[in-house]
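Note sheet for the following structure.
The values are calculated or read from the model by the stated rules, or taken from the named source; none is laboratory data. Please read these numbers as outputs of a predicted model, since none were measured by experiment. Counting neighbours? That spans all protein chains shown, and the Cβs are built from the backbone with ideal geometry, glycine included. To get the accessible areas, we keep the full protein, side chains included, count just its heavy atoms, and leave off ligands, DNA and RNA. Shrake-Rupley method; radii C 1.70, N 1.55, O 1.52, S 1.80 Å.
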Amino acid sequence: MGLYNLLEEKWISVISDQKGTSEDVSLIEVFENAHKYLGLAGDSKTQDFALMRVLLAVLHTVFSRFDADGKNYPQIKLDQRYFQTNVIYDEEDQDDYSIELFDTWQKLWIKGEFPPIIKDYLLKWKDHFNLIDEKYPFYQVLYEDISADKINKKEPGKIFGKNINRLISESENKTSLFSPKYSQNKAKDIMTYAEIARWIITFQGYSGLSDKTVFKREEYKKSKGWIFDLGGIYLEGNNLFETLMLNLILDRQGIDDGENNIQKPCWEYSGIEYVDLAFLGLNPDNLSQLYTNWSRAINIDLDFTEDKPFYMYAVKMPDLDHRSYFFEPMTVWRFNNQGENKDFYTPKKHNPNQYLWRSFGLLVTDTPESSEHRYKRPGLIAWLEKIKEIIGDYKVTVNSISMQDDKNATSWRPTDQTYDNLNLRQFILTDLDKNNWTTYINLTVDQTKRIIDFVYKNFLTDLSLIRNDKTGSFIDKSIEKMYFLVDRPFRDWLISIKYDDDKDEKIFEWRKKLYDIVTKEAEFVLEKSTPRDYKGREVKRRVKGVEKEELLNVAIAYNRFEYNINNDLKLLEKKNG
């Protein structure tokens, strides 16, 4: 049968020119013209992230088998019918294979566009890319794979169009007040084939747990979508080709002790094969499989057409083990000192109230196990360090993306996305040795946060004591405003850094700028003070373990602040020196 083949139909939204014009292209077209497109232009940033990982899965699969000229590597055995390999190089050939992979990446980067071998591979698997199909529906299982005898219900659960379309994000029990579609005649469930293709890929990554249908197999932890739990990061270049290449970790040797394993994405399995694989309880050992991981075994009716309200059948799949799974390169990590993941790292979602630069340490730092505060650098940044000699003094954008949730452990319903980016030159992230810029920038970020979260916050706390304000709202709002005031100047300073700049002079430049911003805002607060603030009041303070009362007013509070900020930033020492 086969309906709506994703290799030929136009369903991927891309930015096609500097004016921001978008157009829909096919899967084959996106690779043929990636160097002409500026980037993806889907319905949301989370959707773009999910779809990018599918595109990367294609590239990892193809270039693990073929070099930049379309010739298969001598270290692997290839089934010519499907361009598929089940037997990889002999153990003694691993180093040679690693060299071949890295050489392929370098040749692709220099060439600046993708070769025809990608299209050749995709056409071999064309019948696995039909959105609706009686044998190999894309990203799906067959209905008989989730029939009543295999699940805990009389029939699989239904997920409707409005449930997976994050522009609506409506459940059966809660109506979306600002939906872009009307409610009449189930219009919120009407979706085009192109929308369905994009949103089911997104749904497989960001699902939640509110649906109830599970497989009748051994007890298992249910997945809410692997990328749902990530503090996702990806690198962005000057066009879509460069963006995909920067995130294409073709040679894993030297990155988290990675192996260059057989690449096998979900479309190289039948639906039931993929379900059986998931129940083995093993995390993927290749990026193509990881990037196409499913949270649900889903199926779309064979008789579905675009004019009908959309729904699909869905059954929960097993979750991946999150503990220290460093094979995932596109996330920041946290070390857990307590809870069920104690003594393990797990992916750390981005805080919706924090700019990405505040997490700079999470991006660049590897700390020893004996450290009080432990950090693990993302594999993607380790890859950037590996290719830095090839790409040179390259301006790269680090993007962060996370899906927020409703904080309800029984549903984990997706609510909103968190997105930010950071423009900088690659050496800021990777120069750990020669000039040591990375370490110095990290220390500067820490000092900036200390000035705001400790020095300036202490000034605000003193004001709250003077005013007997116990709510804390004044402090929180003022800290948020200060980070807003600092954000743009810090980004401008960061992108202005050149590799040969004098570090001490450059860092002093930022300290002076930071001093000016923070003291100007403190003076503004001071100017708005009332006679009551100047009169002050007796407050209780604990000094060296002893509690005593002392007079505190706004003038005393400001003098303390001025002393502390000068002492921390050491600007006076620099001037006198």
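Please list Arg413, Arg542, Arg198, Arg488 from largest to smallest accessible area, probe radius 1.4 Å, with all protein chains kept in place.
Details: Arg413 80, Arg542 160, Arg198 20, Arg488 135 Å².
From most accessible down to least: Arg542, Arg488, Arg413, Arg198.
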Rounded to the nearest 10, the angle in degrees between the Cα long axis of helix 554-569 and the longest principal axis of the Cα atoms of the chain comes to 60 degrees
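First measure r as the distance between the Cβ atoms of Asp469 and Arg542, then evaluate 1/(1 + (r/R0)^6) with R0 = 22 Å and state the FRET efficiency to the nearest 0.05. Please list the in-between numbers first.
Details: r = 20 Å, r/R0 = 0.89.
With a Förster radius of 22 Å, E is 0.65.
Give the value in nm², to one decimal: projected area of the alpha carbon convex hull of region 448-577, averaged over all directions. Let's see the in-between values first.
Numbers: hull surface 37.9 nm².
Over all viewing directions, region 448-577 projects a mean Cα-hull area of 9.5 nm².
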In whole percent, the fraction of accessible protein surface over region 301-424 that belongs to carbon or sulfur atoms, probe radius 1.4 Å, stands at 43 percent
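Using 0.36 nm times the number of residues separating Glu369 and Lys216, minus their current alpha carbon distance, what extension gain do you get? Mind showing how you got there, number by number?
On the way: separation 153, 0.36 × 153 = 55.08 nm, distance 4.10 nm.
Roughly 51.0 nm would be gained on extension.
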So Leu302 and Lys498, fully extended at 0.36 nm per residue minus their Cα-Cα distance, gain in nm 64.8 nm
log10 I(q)/I(0) for the chain, Debye formula on C-alpha points only (no solvent), q = 0.06 Å⁻¹, two decimals, reads -0.37
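In whole percent, how big is the carbon plus sulfur part of the accessible area of region 428-499, probe 1.4 Å, protein atoms only?
Details: 1830 of 3370 Å².
Percent of accessible area from carbon and sulfur atoms in region 428-499: 54.
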Magnitude of the Cβ-charge dipole (Lys and Arg +1, Asp and Glu -1) of region 265-409 about the Cα centre, nearest 20 debye, reported as 760 debye
Within region 350-410, DSSP-loop trypsin sites (Lys or Arg not before Pro) with at most 15 other C-beta atoms within 10 Å are Lys407
Any aspartates and glutamates whose Cα falls less than 14 Å from that of Lys434, other than same-chain ones fewer than 8 residues away, would be Glu385, Glu389, Asp500, Asp501, Asp502
Rounded to the nearest 10 Å², the 1.4 Å probe accessible area of Ser22 is 70 Å²
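Over region 481-555, what portion of Cα pair distances is larger than 16 Å, expressed as a whole percent? Walk me through the intermediate numbers first.
Numbers: 1848 of 2775 pairs.
Of all Cα-Cα pairs in region 481-555, 67 percent lie more than 16 Å apart.
How much accessible area per residue does region 367-430 have, in Å², with a 1.4 Å probe?
Numbers: 2760 Å² over 64 residues.
Counting only protein heavy atoms, the per-residue value for region 367-430 is 43 Å².
What is the sum of charges around Thr61, taking Lys and Arg as +1, Asp and Glu as -1, for the other residues whose C-beta is under 10 Å from the C-beta of Thr61?
Values: positive: Arg65, Lys264; negative: Glu268.
Around Thr61, the charge tally is +1.
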For 428-438, 41-51, ranked highest to lowest by mean beta-carbon neighbours within 10 Å, the order is 41-51, 428-438
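Suppose R0 equals 41 Å. What FRET efficiency, 1/(1 + (r/R0)^6) with r the Cβ-Cβ distance, do Lys126 and Asp416 give to the nearest 0.05? If you can, show how the numbers build up before the last one.
Numbers: r = 37 Å, r/R0 = 0.91.
Given R0 = 41 Å and the Cβ-Cβ separation, E is 0.65.
Roughly to the nearest percent, how much of the accessible area of region 1-114 is carbon and sulfur, given a 1.4 Å probe? Working shown, then result.
Numbers: 2150 of 5020 Å².
C and S atoms contribute 43 percent here.
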Given unit charges at Cβ for Lys, Arg (+) and Asp, Glu (-), the dipole magnitude of the chain about its Cα centre in debye, nearest 20, is 2760 debye
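I need the shape label for region 395-491. Rule: rounded when a/c is under 1.5, else prolate if a/b > b/c, else oblate, with a, b, c from the alpha carbon gyration tensor.
Numbers: a/c = 2.70, a/b = 1.22, b/c = 2.21.
Since a/c reaches 1.5 but b/c is at least a/b, the shape of region 395-491 is classed as oblate.
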Computed over the chain: longest principal axis from alpha-carbon atoms vs helix 379-391 long axis, angle to nearest 10 degrees, is 90 degrees
